[in-house]
Amino acid sequence: MKITLSKRVLALILVIALALSAVNTYLIFDLRRALQDAARDSTYDYVIFQDGDVYKAKNQASGYIDFTSADASLVISQAIAEGDTV
């Protein structure tokens, strides 16, 4: 017994698959944007952390590492001089 789908049913299935794919793509991009916005809403200007033997100060507004040194006090001093909250 062979099951045959009409062209209308096949077209309907393809349209539904395309619509679901479009909704999924929108949700992925919306989640990415929401996560990026949440990362920028920090109450601190800089976050200081240790990466191996090096201390780094990450600018929370730009997301880039602004200061790097093996001396933690130097990184902290630079971050305090440039930012309001560390």
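The values are calculated or read from the model by the stated rules, or taken from the named source; none is laboratory data. Fair warning: this is a prediction, and the values are worked out from it, not measured in the lab. Every residue, glycine as well, gets a Cβ built from its backbone with ideal geometry; the counts of neighbours run over all protein chains shown.
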Practice item. Give the residues of the range 1-33 that are among the basic types (Lys, Arg) and modelled with pLDDT under 90, sorted by residue number. Key: Lys2, Arg32, Arg33
Practice item. Could you grab me the full set of residues in the range 34-54 that are at pLDDT 85 or above and not in a loop (DSSP other than H, G, I, E, B)? Key: Tyr46, Val47, Ile48, Phe49, Gln50, Asp51, Val54
Exercise for review: Starting from residues that are of a type in the set (Val, Ile, Thr) and farther than 23 Å from Asp37 by Cα, keep the ones in the range 52-82 and report whichever is nearest to the chain's Cα centre (by Cα).
Suggested key: Thr68
Review point. How many residues, within the range 52-69, are farther than 19 Å from Glu82 by Cα and either surrounded by 10 or more Cβ atoms within 10 Å (Cβ to Cβ) or hydrophobic (A, V, I, L, M, F, W, C) (or both)?
Key: 1
